[in-house]
Amino acid sequence: MFWNRKKKTKEKPKPKPKQSAPIPKKPHITPSPTPPPKFDKPKASVPPVAQKVSREPPRAPPTAHLEPEREFMRIFKRLTYRHRAWDIWKDFVVMFACALSNPVDKAHYNEREELYMKTIKKYIKQEQNMFPDLVAQTVMALELNPEQDFLGKIYMDLNLGNERGGQFFTPYCVCDMMVKISLGDVVSHVEEEGYITVNDPCCGAGATLIAGIHEAKRQLEKVKLNFQNHILVVGQEIDFTTALMCYIQLSLLGVAGYIKIGNTLTDPMTSSDTLENYWFTPMYFFDVWSTRRLLRGRNLL
């Protein structure tokens with residue numbers, strides 16, 4: 001039957017793929033050689049302006065001298081949790097003085113070493129380690145400002161003075177003024193005798209002696225003389241702890257001298273003393289002073 005025949009459908013021709021336009025090739029460019037780096041021509045050096053160079057040591061800040069004092073008080077107060085302030089101060093001074101005396105004064109070594117060991121055993125290990133810190137702050141304070149009574153000031157700030165005994169230390173500025181009025185011509189005396197003796201029969205912590213040392217030092221330095229070879233410091237004090245405070249400060253200042261512990265009125269210094277209560281500074285044992293004693297045939301100068 002004709003109607004059962006399938007009609008032949010004409011197939012549509014498949015579209016031909018479109019050809020893309022050819023991609024134009026980039027032209028080959030030969031890179032130009034890298035130009036060498038350009039360096040600026042050195043400019044002619046201009047000589048610096050000559051400046052005056054100061055040979056003075058750098059000055060410490062205005063409050064630098066207060067730092068050791070504050071640190072000393074901070075460490076000291078840590079020790080007061082278990083001990084009385086007066087006991088701590090006395091033990092600190094005794095041990096410090098023994099540590100300065102024992103390396104040089106062999107005549108008193110055994111008794112002072114025993115005193116040191118007896119004192120240090122009062123404290124536990126942690127507390128024992130604080131005492132060298134107190135020593136370090138004392139040394140630093142006198143390095144920053146030698147012209148002061150450091151231990152005397154701390155002593156009074158801690159209210160340790162004996163009010164019943166009338167123990168009030170003279171301010172250092174007053175001692176300095178008194179010395180400048182009374183000391184006189186140091187150089188002429190040294191040229192005649194070889195040295196000058198600065199004596200205080202009631203020395204306390206040594207403020208007057210320290211002021212005398214520095215005034216004599218200023219005069220000797222003007223003629224280029226070493227004050228350590230020409231100043232002998234002598235003091236006497238009835239109070240044991242206070243006398244050792246003076247001894248410590250004189251020792252740290254590097255002067256030759258000695259302190260006698262005793263009453264100046266009833267037990268003054270004499271050539272017949274047994275030296276039992278004498279404390280000699282380390283500088284006292286140096287050659288120049290040992291030679292003077294040998295030539296003069298004296299135990300003391």
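Some observations on this one:
- Tally of residues being charged (D, E, K, R), more than 21 Å from Ala85 (Cβ to Cβ) and surrounded by 16 or more Cβ atoms within 10 Å (Cβ to Cβ) across the range 148-187: 1
- Residues of the range 216-233 that are assigned to a loop (DSSP other than H, G, I, E, B) and surrounded by 19 or more Cβ atoms within 10 Å (Cβ to Cβ): His230 alone.
- Some residue of the range 268-284 being in contact with a helix residue (DSSP H, G or I) (Cβ under 9 Å, 6 or more places away or on another chain), within 20 Å of Tyr109 (Cα to Cα), acidic (Asp, Glu) and not in a helix (DSSP H, G or I): yes
- Where Thr197 falls short, out of the listed (1) touching a residue at least 40 places away in the same chain (Cβ under 8 Å); (2) closer than 25 Å to Glu113 by Cβ: (2)
- Taking the criterion of being touching a residue at least 60 places away in the same chain (Cβ under 8 Å), in contact with a strand residue (DSSP E or B) (Cβ under 6 Å, 6 or more places away or on another chain) and polar (S, T, N, Q), the only residue of the range 232-280 that qualifies is Thr264.
- Thr208 assigned to a helix (DSSP H, G or I), β-branched (Val, Ile, Thr) and more than 23 Å from the chain's Cα centre (by Cα): no
- A Cβ distance below 8 Å, combined with a sequence gap of six or more or placement on separate chains, defines the contacts here; from the range 175-189, residues that are farther than 15 Å from Asn199 by Cα reach residues that are loosely packed, with under 12 Cβ neighbours inside 10 Å in the pairs Val187/Lys222; Val187/Val223.
- For Ile213, the criteria (1) under 19 Å from Val104 (Cβ atoms); (2) without any contact (Cβ under 8 Å) to a residue 60 or more places away in the chain; (3) part of a helix (DSSP H, G or I) hold in every case but one, which is (1).
Every number here is computed from the coordinates shown, using simple stated rules; none is lab data. Given the structure is predicted, the values throughout are model-derived calculations rather than measurements. Cβ coordinates were reconstructed from backbone atoms using ideal geometry, including for glycine residues, and neighbour counts include every protein chain displayed.
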